[in-house]
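Written out below as structure tokens is the structure these notes cover.
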Protein chains: 2
Amino acid sequence: MSQMTLTALPNYPMVEPGDDLAAQILSSLNDATLSLADGDVLVLAQKIVSKAENRYGYYNAVEPSEEAKKLAVEIDKDPRLVELILSESKEVVRKRPGVVVVEHRLGYVHANAGIDKSNISSDDDNPRVLLLPLDSDASARGLQQAIATLTGKTVYIIINDSAGRAWRNGTAGMAIGTAGFEPLENLIGSNDLFERPMEVTEVAVADELAAAASFMMGQAAEGAPVVHIRGAKLQAADCGSRSLIREKAKDLFR
Amino acid sequence: MSQMTLTALPNYPMVEPGDDLAAQILSSLNDATLSLADGDVLVLAQKIVSKAENRYGYYNAVEPSEEAKKLAVEIDKDPRLVELILSESKEVVRKRPGVVVVEHRLGYVHANAGIDKSNISSDDDNPRVLLLPLDSDASARGLQQAIATLTGKTVYIIINDSAGRAWRNGTAGMAIGTAGFEPLENLIGSNDLFERPMEVTEVAVADELAAAASFMMGQAAEGAPVVHIRGAKLQAADCGSRSLIREKAKDLFR
């Protein structure tokens, strides 16, 4: 029988720049009386990875370009925030008052380039926002390696973010970084229950687990930025999350 | 500590038209030595709901319209299948060879109107495909009521389907029918950890759980079309899943 358990790790501290996420996670796992096993998955909220990596953008350090000033008027946002969004992006995909959807420099299509103002301490005289990690696959891989060093266990890592979607209301978790497993499972060559070849060939397993973990993070009364998953049978692979991103030329909705 | 367990129900039979899904689910739960508790969630693959409701479309019964014939050439599909897709749809959103994305009559934007050929027994002389339920919220509500009658327990129901997404490769589960709970949790009025109002206000919890359950269904070696979830703290509500669908006028990607 196939079973999977998700645990939102308790007592997770507020993360500060330079913090050792591997050590924090092991401490929280200990508080949950969980010890890691090979094949466990750890899902981290993007926010704590960005905080540990000091990916803050400070309004007072930003000089908005003419392009940012113009877009800021169009979408009714602070030109300094717009400058940060543009500097994190390859191109603007859609805009309207209150909303800008961009292609992030790492390839995800994402509102506001994933820049966030909630759950961040900020100074009213010099507001700050949190940018996505510089390279979230590299962050995930580094954490996987740190945990292997500390525990001898091979775990899989997902960095998730809440994202808006086309056609659907509400946000859902998506994987913006992974380490250790195949994020897109390929069913090519599989047969269905009646021995006919499967038509749908790829399942975004990393996004499905990111969504499940986002649900758990949202369920915790206090901040629970790390979710432990046991029982997900993932395919080990030495790759990150890039295969989840649809090439622009193959995307009917760009 | 917040914890959630998903179980892919074992020994689920092949579903035939007229089958009693509530009775089948209770039997599978029994095989898993699980008994239902108030607040448990049952996620059903759309396929078994459609099969029980005899939502087959038979190619030999279809007379393709001129519109279907023309589109069939454009997208390189059987005109009888295209006729079925169009008859299940409000409009074609995007098309290219091999792909047609439509607005289903129930409002979801979905490839091929959710019509599927895999895991369906079919006769080569009269191929058949499986359409979505006539009203998947009504199907979910009916199942919730049947289970309440049989067990006295109030459970929440999700009917899920695997769907392609804009911008991302691979399919992920989405909720096409729900019963008993608020599928879109509203955080308006909530404050963040620093007592500032939350900016992102709506979370598509039904889609997040549908994605988690789809992952479990895909993980089971044999067909596992029902997943039991314990530990999801959902908000009880007397509504279906329509709030998950973004109005066309508010959708930047239609």
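The values are calculated or read from the model by the stated rules, or taken from the named source; none is laboratory data. On a predicted model such as this, the values are computed, not experimentally measured, just so you know. Counting neighbours? That spans all protein chains shown, and the Cβs are built from the backbone with ideal geometry, glycine included.
Quick notes on this one:
- Residue that is farthest from the other protein chains (Cβ to nearest Cβ) [pool: residues in the stretch A:1-14 that are closer than 11 Å to A:V226 by Cβ and among the polar types (S, T, N, Q)]: A:N11
- Counting only helices (runs of 4 or more DSSP H) that sit completely within the stretch A:17-81, those holding 1 or more residues that are under 30 Å from A:L234 (Cα atoms) and either in the same structural domain as A:A211 (by TED's automatic domain parsing) or in contact with a strand residue (DSSP E or B) (Cβ under 6 Å, 6 or more places away or on another chain) (or both) correspond to A:21-31, A:46-52.
- Counting residues in the stretch A:85-106 that are in a helix (DSSP H, G or I), closer than 23 Å to A:I176 by Cβ and in contact with a Ser or Thr (Cβ under 6 Å, 6 or more places away or on another chain) gives zero.
- Looking only at residues of the stretch A:184-213 that are assigned to a strand (DSSP E or B) and within 7 Å of another protein chain (Cβ to nearest Cβ), we find that the one that is modelled with the lowest pLDDT is A:E202.
- Matching residues in the stretch A:152-183 - criterion: being assigned to a loop (DSSP other than H, G, I, E, B) and of a type in the set (K, R): A:K153, A:R165
- The set of residues from the stretch A:82-110 being crowded, with 19+ Cβ neighbours inside 10 Å and within 11 Å of chain B (Cβ to nearest Cβ) comprises A:V93, A:V100, A:V101, A:E103, A:H104, A:Y108, A:V109, A:H110.
- Every pair of residues 6+ apart whose Cβ atoms lie under 9 Å, when the first sits in the stretch A:235-254 and is without any contact (Cβ under 8 Å) to a residue 40 or more places away in the chain and at the interface with chain B (Cβ under 9 Å from one of its Cβ atoms) while the second is outside any loop (DSSP other than H, G, I, E, B) and surrounded by fewer than 19 Cβ atoms within 10 Å (Cβ to Cβ): A:L252/B:R94; A:L252/B:K95; A:L252/B:R96; A:L252/B:V99
- Residue count for the stretch B:15-35, restricted to those that are within 11 Å of chain A (Cβ to nearest Cβ) and over 21 Å from B:G142 (Cβ atoms): 4.
- Residue count for the stretch B:148-168, restricted to those that are closer than 16 Å to B:D38 by Cβ and crowded, with 24+ Cβ neighbours inside 10 Å: 2.
- Scan of the stretch A:10-46 for residues that are touching a Pro at 6+ places or on another chain (Cβ under 8 Å) and surrounded by 24 or more Cβ atoms within 10 Å (Cβ to Cβ), ordered by number: A:L44, A:A45, A:Q46
- Test result for A:N169, touching a residue at least 24 places away in the same chain (Cβ under 8 Å) and within 14 Å of chain B (Cβ to nearest Cβ): no
- Annotation: A:A221 fulfils all but one of (1) modelled with pLDDT of 95 or more; (2) hydrophobic (A, V, I, L, M, F, W, C); (3) surrounded by fewer than 24 Cβ atoms within 10 Å (Cβ to Cβ); the unmet one is (1).
- Filter result for A:K51 (touching a helix residue (DSSP H, G or I) at 6+ places or on another chain (Cβ under 7 Å) and of a type in the set (D, E, K, R)): no
- Matching residues in the stretch A:119-160 - criterion: being more than 14 Å from chain B (Cβ to nearest Cβ) and acidic (D, E): A:D125, A:D135, A:D137
- Output for the stretch A:214-241, where each listed residue is out of contact with any strand residue (DSSP E or B) (no Cβ under 6 Å at 6 or more places or on another chain), assigned to a loop (DSSP other than H, G, I, E, B), closer than 18 Å to B:E185 by Cβ and not acidic (D, E): A:A221, A:G223
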